[in-house]
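Down below is the structure, laid out as structure tokens.
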Amino acid sequence: IRCWSNIPFITVPLSRAHGKSFAHRSELKHAKRIVVKLGSAVVTRGDECGLALGRLASIVEQVSMLQNQGREMMIVTSGAVAFGKQRLRHEILLSQSVRQALHSGQSQLKDMAIPVLEARACAAAGQSGLMALYEAMFTQYSICAAQILVTNLDFHDEQKRRNLNGTLHELLRMNIVPIINTNDAVVPPPEPNSDLQGVNVISVKDNDSLAARLAVEMKTDLLIVLSDVEGLFDSPPGSDDAKLIDIFYPGDQQSVTFGTKSRVGMGGMEAKVKAALWALQGGTSVVIANGTHPKISGHVITDIVEGKKVGTFFSEVKPAGPTVEQQGEMARAGGRTLAALQPEQRAEIIYRLADLLTDQREEILLANKKDLEEAENKGRLALPLLKRLSLSTSKLNSLAIGLRQIAASSQDSVGRVIRRTRIAKDLDLEQVTVPIGVLLVIFESRPDCLPQVSALAIATGNGLLLKGGKEAAHSNQILHHLTQEALSIHGVKDAVQLVNTREEVEDLCRLDKLIDLIIPRGSSQLVRNIQKAAKGIPVMGHSEGICHVYVDTDASVEKVTRIIRDSKCEYPAACNALETLLIHRDLLRTPLFDQIIDMLRVEQVKIHAGPKFASYLTFSPSEVKSLRTEYGDLECCIEVVDSVQEAVEHIHKYGSSHTDVIITENEKTAEFFLQHVDSACVFWNASTRFSDGYRFGLGAEVGISTSRIHARGPVGIEGLLTTKWLLRGDNHIVSDFSEHGSMKYLHESLPLPQRNTN
């Protein structure tokens, strides 16, 4: 019977029936009873003499946090030998120095040789000190720890095994963390491999096998094995092409080549894998991870329990489809094949996808209806997001038109020569456009994004990984199926992949060896999270769409209300919708100002007053909490400015560099605004809603970028291309161009080949 602690703590619902290991990482957060095994390389210093105190303190902190959540934590630790070696060396040096001083009568010490220290003696000297250190550290978190020393015989003697089991259960019941170690002071030398012959037999010959045996005996939910490598690799770490295995399944041992064991400790990675598989058979989930890396060791245990992609997870359940790593490799290979097609073939694929969107309209709308019904029943989406989720016949028709525009404009996108230079005689240099590589596009509540982004990736020869929100699962599934059907006409079905596994966005953002560019499409919070999580992968997009419309004193009465209504009310959930309306002070209490307010009231737009605007009113609307707010609904802020210069300054201070508009008939004022506002899109007498790839004639967009490098504004085909340099020579070498060489640099610009404008 597995008991909860009777000491009150902030707890989480963790109980589950033991007997079967967790199938997915995301389920690890439900682990109630956890064993953390600390390898010798984790606990000891690099000089193998003494403990890594900072690392150990961090591990204790993480274990304490999980213990205080209501979990039952146990630690299987190495380190007694290293700690004892440090103490014994100190004692030997001290003893030798005293004897030498007495013998020679001199205080100066000569070089003294330290004898080889026997491991059992080191363990005997180090066990008490190691435990005292653990006790002192756990006391800082008001947690009690208890030491248990075991040998292999304790598991083979039935009475001793029952006693050990009872002791551990009683300690866990009292909210005490057991610290378990093999009794290295008396343990016999390890016998040849005679273990792992069955689920009920495993000899304890190192702390890996001890942790596995203990985990199964105690019906533990999770065993975390910390070592000095990131996890299990398909070949020895550090070797060429060695890849970290994310999930390891029983039977995969044949695909792995094991290297040597770590610098300290009894077992190597092969021993860890054997112990892990034995524990897995006994119903305990296992993760092997790095406990020594300074960037992750401070949160490695809690990250594992939270289900993050850390180390190697052992699972008995193989997924039905490919892993996301395999999908990334398929997308790269498919993208390269796609880029090698003729432009007409890529265009043909996009035209076919456009036709499928209209031909399969009923199936698409039926799938979308399922998504809408599920979202409404669960009540998990706000009205603006429901609008984004919804597809219609008109939306599909617009999508098809946009895709045909992409196909028509993509004829010379890949391989276009943008610069030619004659470096020297018979040495010509070209700069040509090429795909970026593999794109990861993460989008939420936007199923129409899938065919748009797919078409742009196809046009530019990029491989594509798509991660859609679960609220649009049915819509995304059929749209991806149609995309692959279109790709199949030229055998490049794998170029576009839809990630359907339980991968967390944060984990996807760490695949820097598979992904070349991340493009988020969704809420500002989503974009910020991705920008924070991306490790070494560029992120293209905008975190907020705080768009402004400035109404100047010379604004046309006829234009003002039309542009404001369209900017705010046509689609308030869009990132290019008006969020802050700036009014010139001289327009207050004028008929034009009254018309603006009346129109917003008719359209049921909730108004928030900026500080200056509120100061002019006796009874004002609710004062805005922040001038840097993206409402995404029928709400907006109104603020007053004294001049176009102040409007520009306000936009720079509170805007998001997305889209900003001036309404005026004064050309000089308009040009000042256009030239001085530092945003991706700046308009004169036009709605903010024109900030869109389709409306710009790009066919579609992967998003709107507010970054200042590579691409800015609506990103279409051009933003998904980079360049490479091609140099064609004839036995040229650099030394020929030296001071006394026979060649001279010309650096002549050459005419570009004529572009295909059909």
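The values are calculated or read from the model by the stated rules, or taken from the named source; none is laboratory data. This one's a predicted model, so the numbers in the text were calculated from it and none came from an experiment. We place every Cβ from the backbone using ideal geometry, glycine too, and count neighbours over all the protein chains shown. The area values use the complete protein model at the heavy-atom level, side chains included, leaving out ligands, DNA and RNA. Shrake-Rupley method; radii C 1.70, N 1.55, O 1.52, S 1.80 Å.
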- Query: Of Lys370/Lys532; Lys20/Lys274; Lys470/Lys625, which ones are farther than 24 Å apart at the Cα?
  - Reply: Lys370/Lys532; Lys470/Lys625
- Item | Computed [θ] at 222 nm, deg cm²/dmol, the chain (DSSP H ≥ 4; -39,500 (n - 2.57); rounded to nearest 500) | -11500 deg cm²/dmol
- Query: With every protein chain kept in the model, how would you rank His732, His676 by accessible area, 1.4 Å probe, largest at the top?
  - Reply: His676, His732
- With no solvent and one point on each alpha carbon, what is the Debye value of log10 I(q)/I(0) for the range 547-701 at q = 0.09, 0.17 Å⁻¹? -0.24, -0.94
- Only Lys, Arg (+1) and Asp, Glu (-1) charged, at Cβ; the range 455-584 dipole about Cα centre in debye: 260 debye
- Task: Enumerate the lysines that Lys425 could reach by cross-link, defined here as Cα to Cα under 27 Å, with residues fewer than 8 away along the same chain left out.
- Result: Lys724, Lys744
- Quick one: check the C-alpha center-to-center distance for the range 531-570 versus the range 270-343, whole angstrom. 41 Å
- Output the direction-averaged projected area (hull surface divided by four) of the convex hull of the alpha-carbon atoms of the range 512-603, in nm². 7.7 nm²
- Paramagnetic reach from Ser615 in the range 583-606 [backbone N under 20 Å; point 7 Å along Cα→Cβ]: 583-590
- Quote to one decimal, in nm, the extra length available between Val557 and His740 on full extension: 0.36 nm per residue of separation minus the C-alpha distance between them. 58.5 nm
- Note on the structure: Given all pairs of distinct Cα atoms, the range 265-331 yields a Kirkwood Rh in Å of 13.9 Å
- Note on the structure: Kirkwood radius from Cα pairs of the range 432-524 plugged into Stokes-Einstein at 25 °C, 0.890 mPa s, gives D in µm²/s equal to 182 µm²/s
- Could you give the dipole magnitude of the range 547-701 about its Cα centre, charging the beta-carbon of Lys and Arg +1 and that of Asp and Glu -1, in debye to the nearest 20? 300 debye
- Please get the size of the charge dipole for the chain, origin at its Cα centre, with Cβ charges of +1 on Lys and Arg and -1 on Asp and Glu, quoted in debye to the nearest 20. 1540 debye
- Would you kindly compute the Cα radius of gyration of the range 355-417 and its largest Cα-Cα separation (Dmax), both in Å? 16.1, 54
- Query: Which residues' amide hydrogens lie under 5 Å from the amide hydrogen of Val624, considering only partners 5 or more residues apart or on another chain, with H built in the peptide plane?
  - Reply: Ala609, Gly610
- Take the solvent-accessible surface of the protein heavy atoms, probe 1.4 Å, and return the percent of it on the chain that carbon and sulfur atoms account for. 52 percent
- Query: Amide H to amide H, which residues 5 or more places from Lys606 or on other chains are under 5 Å from it, using H placed in the peptide plane?
  - Reply: Glu635, Cys636
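Please identify the chymotrypsin sites (Phe, Trp or Tyr not before Pro) of the range 593-671 that satisfy two criteria: DSSP loop assignment and at most 10 other Cβ atoms within 10 Å. Which are they?
Numbers: sites: Phe593, Phe613, Tyr616, Phe619, Tyr631, Tyr654; in loops: Tyr616, Phe619, Tyr631.
Taking the range 593-671 and a limit of 10 other Cβ atoms within 10 Å, the loop chymotrypsin sites (Phe, Trp or Tyr not before Pro) found are Phe619.
Based on the Cβ-Cβ distance of Met174 and Asp241, what FRET efficiency does E = 1/(1 + (r/R0)^6) give at R0 = 60 Å, to the nearest 0.05?
Details: r = 50 Å, r/R0 = 0.84.
Plugging the Cβ-Cβ distance into 1/(1 + (r/R0)^6) gives 0.75.
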- Residues whose modelled amide H sits under 5 Å from the amide H of Ala424, counting only those 5 or more places away in sequence or on another chain, are Leu746, His747
- Query: What accessible area per residue comes out for the chain, rounded to a whole number of Å², with a 1.4 Å probe?
  - Reply: 46 Å²
- What list of ³J(HN,Hα) couplings, whole Hz, do you get for the range 304-310 from phi and the Karplus terms 6.51, -1.76, 1.60, once you set θ to phi - 60° and write x for glycine and proline? 4, 5, 6, x, 6, 7, 10
- What does a probe at Ala473 reach in the range 430-447, counting residues whose amide N is under 19 Å from the point 7 Å along Cα→Cβ? 442-447
- Item | Among Gly70, Ala124, Asn476 the positive-end extreme of the charge dipole of the chain (Cβ point charges) | Ala124
- Item | Considering only the chain, percent of DSSP beta bridges that pair antiparallel, nearest 5 | 30 percent
- Solvent-accessible area of Glu158 with every protein chain in place, 1.4 Å probe, in Å² to the nearest 10: 90 Å²
- What percentages, rounded to whole numbers, describe P(r) for the range 374-458 computed over all alpha carbon pairs with 5 Å bin width beginning at zero? 3, 10, 15, 14, 14, 11, 9, 7, 6, 4, 3, 2, 1, 1, 0
- Dipole-positive endmost among Ala534, Val216, Ala367 within the chain (Cβ charges, Cα centre): Val216
- Item | Cα centroid of the range 475-499 to Cα centroid of the range 348-398, whole Å | 17 Å
- Message: Report the Rg/Rh value for the chain, based on alpha-carbon coordinates and the Kirkwood definition of Rh.
- Response: 1.08
- Message: Relative to 2.2 N^0.38 Å, what does the C-alpha radius of gyration of the range 696-756 come to as a ratio? Two decimals please.
- Response: 1.87
- Message: With a 1.4 Å probe and all protein chains kept in place, how do Glu471, Glu373 rank by accessible area, largest first?
- Response: Glu373, Glu471
- Farthest toward the dipole's positive end in the range 547-701, which of Gly693, Val605, Leu582, given Cβ charges of +1 (Lys, Arg) and -1 (Asp, Glu) about the Cα centre? Val605
- Note on the structure: Too long for a 31 Å Cα-Cα cut-off, among Lys395/Lys493; Lys369/Lys559; Lys395/Lys513, are Lys369/Lys559; Lys395/Lys513
- Query: What is the spin-label model distance, in nm, from Ser26 to Gln342 if the labels are put 7 Å beyond Cα along the C-beta direction?
  - Reply: 4.5 nm
